[in-house]
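Written out below as structure tokens is the structure these notes cover.
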Amino acid sequence: MPFPVHRPRRLRQDLRSRRMLRETRLHPQQLILPLFVQEDLAAPQPIQAMPGHCQWPIEMIERPVREAMASGVGAFLLFGLPARKDSQGSAAHDPEGVVPRAVRRLRQICPDAWLITDVCLCAYTDHGHCGLLDPDGRVRNDETLPILAEMALAHVRAGADMVAPSDMMDGRIAALRRHLDAHGHTQTPIMAYAAKFASSLYGPFREAAHSAPQTGDRRGYQMDPANPREALLELQLDFEEGADVLMVKPGLAYLDIIAAARRRFPCPIAAYQVSGEYAMIKAAAEKGWLDERAAALETLLALHRAGADWLITYFAVEAARWLRDEP
Ligand code: PBG
Ligand code: ZN
């Protein structure tokens with residue numbers, strides 16, 4: 001019966017009707033560009049496994065921000081690389097540390113940029129773990145919380161618009177919220193890396209952020225990729241502790257988690273298309289095996305279609321330009 005009465009191709013044949021049929025659309029204003037800023041660096045340092053991306057000196061951090069804003073990207077996620085690391089990650093909460101200095105500079109030069117800062121210790125500890133270690137090498141949850149809270153406060157005092165804790169300690173959203181509120185920053189939102197999986201796709205980032213764990217791995221605090229129910233628990237806890245935005249990370253391999261988060265929680269959902277996802281597309285495109293533009297836009301669209309309002313992506317600037325001249 002349906003055929004020949006129903007023919008979905010009738011509306012699909014012509015670009016004019018195809019355009020009107022489009023159920024989901026990407027817009028540059030949804031995109032967030034991650035940036036790496038490094039203390040004591042003389043010149044931008046290209047990141048091998050992430051073509052097109054650099055570690056930036058603090059004194060030049062406005063360059064990539066201006067370029068991105070000219071393309072329509074308005075939001076940035078800042079990662080700091082300190083000059084010195086120690087076992088406690090003390091540079092992480094230094095008000096004169098790399099991220100507060102970069103944020104103060106950007107606040108002056110690019111006042112319209114929306115600045116989000118990553119809050120985590122792994123780039124600041126000499127052992128490369130996201131929290132403090134006890135003598136037998138275990139990550140100490142509760143002892144890490146005040147340090148993260150102090151780090152977030154230093155970023156916000158410097159002018160960060162939002163903080164994004166990525167450490168995966170239990171209770172960190174509540175700890176940050178309490179600490180920010182106690183110092184008068186009740187209006188500063190928190191984006192929680194809520195369902196963050198222990199993924200093989202973070203490799204290029206660890207080169208970019210100098211944040212690889214020196215011993216062991218992160219499976220004691222990041223999630224097992226096999227666990228969708230546990231992801232809902234993580235999302236729920238962060239929501240209840242006061243997260244304003246819930247993030248799922250990585251992106252493409254976790255569309256089911258994004259869709260579940262979208263159904264379950266009324267707040268904005270963010271998806272992080274991580275360094276390995278970027279590197280896969282870039283590498284295949286370099287070999288001529290994939291059309292970079294089409295692959296990047298299709299995967300970003302998929303994240304949005306699954307339910308992500310915001311997309312954190314190393315393709316942000318290129319994607320914004322591509323979207324501008326889409327048919
Ligand atoms: C560190 C952090 C990581 C990423 C963001 N924050 C890496 C990790 O957990 O080892 C990954 C981002 C990417 O791969 O693009 N807390
Ligand atoms: Zn970390």
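Every number here is computed from the coordinates shown, using simple stated rules; none is lab data. Source: prediction; values computed, not measured. Because the Cβ atoms are built from the backbone with ideal geometry, glycine has one as well, and the counts that use them run over all protein chains shown.
Does GLN29 satisfy the criteria of being closer than 21 Å to CYS130 by Cα and in contact with a strand residue (DSSP E or B) (Cβ under 9 Å, 6 or more places away or on another chain)? So GLN29 fails the test. Cβ-Cβ under 8 Å, sequence separation 6+ or interchain: first residue in the stretch 130-145 and of a type in the set (D, E, K, R), partner buried (at least 18 other Cβ atoms within 10 Å of the Cβ). Which pairs? Listed by first residue and then by second, the contacts come to ARG140/GLY131; ARG140/LEU132; ARG140/LEU133; GLU143/GLY131; GLU143/LEU132. Filtering the stretch 123-132 to residues that are of a type in the set (A, V, I, L, M, F, W, C) and either buried (at least 24 other Cβ atoms within 10 Å of the Cβ) or out of contact with any helix residue (DSSP H, G or I) (no Cβ under 8 Å at 6 or more places or on another chain) (or both) leaves ALA123, CYS130. Among the residues making up the stretch 234-286, those that are within 16 Å of ligand 1 (Cβ to nearest atom), surrounded by fewer than 24 Cβ atoms within 10 Å (Cβ to Cβ), touching a residue at least 40 places away in the same chain (Cβ under 8 Å) and among the small types (Gly, Ala, Ser) are ALA253, GLY276, ALA279.
When the residues of the stretch 132-148 are filtered to those that are among the β-branched types (Val, Ile, Thr) and assigned to a helix (DSSP H, G or I), which remaining residue is nearest to GLY171 (Cα to Cα)?
Residues of the stretch 132-148 that are among the β-branched types (Val, Ile, Thr), as a first pass: 139, 144, 147.
Now narrow it down to the ones that are assigned to a helix (DSSP H, G or I): 144, 147.
Details: THR144: 10, ILE147: 13 Å.
If we take residues in the stretch 132-148 being among the β-branched types (Val, Ile, Thr) and assigned to a helix (DSSP H, G or I), then THR144 is nearest to GLY171 (Cα to Cα).
Would you please name the residue that is nearest to VAL245 (Cα to Cα), looking only at residues in the stretch 284-327 that are assigned to a loop (DSSP other than H, G, I, E, B) and small (Gly, Ala, Ser)? So, considering only residues that are assigned to a loop (DSSP other than H, G, I, E, B) and small (Gly, Ala, Ser), the one nearest to VAL245 (Cα to Cα) is ALA308. Comparison of ALA91, ALA83 shows that the only residue that is part of a helix (DSSP H, G or I) and over 18 Å from GLN222 (Cα atoms) is ALA91.
For the stretch 183-216, which positions are of a type outside the set (Lys, Arg) and within 12 Å of ligand 2 (Cβ to nearest atom)? Walk me through how you get there before you give the answer.
Residues of the stretch 183-216 of a type outside the set (Lys, Arg): 183-195, 197-205, 207-216.
Those that are of a type outside the set (Lys, Arg) and within 12 Å of ligand 2 (Cβ to nearest atom): TYR193, ALA198, TYR202, PHE205, ALA209, HIS210, SER211, ALA212, PRO213.
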